[in-house]
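**Student:** Input: one structure, supplied below.
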Ligand code: DC
């Protein structure tokens, strides 16, 4: 039965999703972007107009149906793939993802999604909480300026003008919230390999991770997802 799991964790803008997607394509793994799930819940919370600071208000998450297929994400049947990248969602997602009710629900979905499949999953707590027995754990990082430059480029490509300093501040704020929250904060799992991508291209990083995967005894080459 397929059950090879790669956990990719790291701070905002470290390239987790881009890299994971590429590795998945190369090695025929299923890619699961867990940040997109936290963003989907944030989108629904904003749409429903709940009080984002009130933990009790998050009971609704149990009812939210998240579907994740071929890099499209649906919340209660609505395609939210683009909507979850909005500035409003990005500004509020750290708060929403800090509530245990939200995390409990999504961790359950993520574990189910990986069970019996060959998966590369990226997020903040994958190696430490979701896939603690992953075959390989990678902690991707890069200095904040480089991460902000990448994010700015992404925003420019979408036609949004924003200055570097603002992006640096946003990223630092999100890093601080993600790594200091009580419920499963962003940490470096003790058995993770740290990959600093500051001076690496996407291609370099993809190759570093593929090299680590193929070294694993539990990896048996490209196979059924
Ligand atoms: O990877 P991203 O920037 O799309 O993630 C959005 C937010 O979701 C991030 O600021 C923290 C949260 N997150 C989390 O708490 N746990 C995860 N496994 C993935 C994301």
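**Student:** If a residue has to be at negative phi and either away from the ligand (no atom under 11 Å from the Cβ) or free of Cβ contacts under 8 Å to residues at least 12 places away in the same chain (or both) to count, how many in segment 19-59 make the cut?
**Tutor:** 27
**Student:** Still on this structure, I have one more. So residue 10 fits all but one of (1) over 21 Å from residue 136 (Cα atoms); (2) in contact with a strand residue (DSSP E or B) (Cβ under 9 Å, 6 or more places away or on another chain); (3) buried (at least 24 other Cβ atoms within 10 Å of the Cβ); what number is the exception?
**Tutor:** The failed condition is (1).
**Student:** Same structure, new question: Residue under question is residue 209, and the condition is that it be assigned to a loop (DSSP other than H, G, I, E, B) and either within 16 Å of the ligand (Cβ to nearest atom) or within 19 Å of the chain's Cα centre (by Cα) (or both); does it hold?
**Tutor:** no
**Student:** Next question. What number of residues in segment 40-67 are touching a helix residue (DSSP H, G or I) at 6+ places or on another chain (Cβ under 7 Å) and not in a helix (DSSP H, G or I)?
**Tutor:** Going through segment 40-67 one residue at a time, the tally reaches 5.
**Student:** For segment 109-140, how many residues meet the condition of being over 15 Å from residue 191 (Cβ atoms), part of a loop (DSSP other than H, G, I, E, B) and touching a helix residue (DSSP H, G or I) at 6+ places or on another chain (Cβ under 7 Å)?
**Tutor:** Going through segment 109-140 one residue at a time, the tally reaches 1.
**Student:** Something else now. Looking at residue 134, is it more than 12 Å from the ligand (Cβ to nearest atom), under 20 Å from residue 175 (Cα atoms), touching a residue at least 60 places away in the same chain (Cβ under 8 Å) and surrounded by 13 or more Cβ atoms within 10 Å (Cβ to Cβ)?
**Tutor:** No: the conditions fail for residue 134.
No value in this document is a laboratory result; all are computed from the given coordinates. Here the structure is a predicted model, which means the values were calculated and not measured. When we count neighbours, we look across all protein chains shown, and the Cβ atoms used for this are built from the backbone with ideal geometry, even at glycine.
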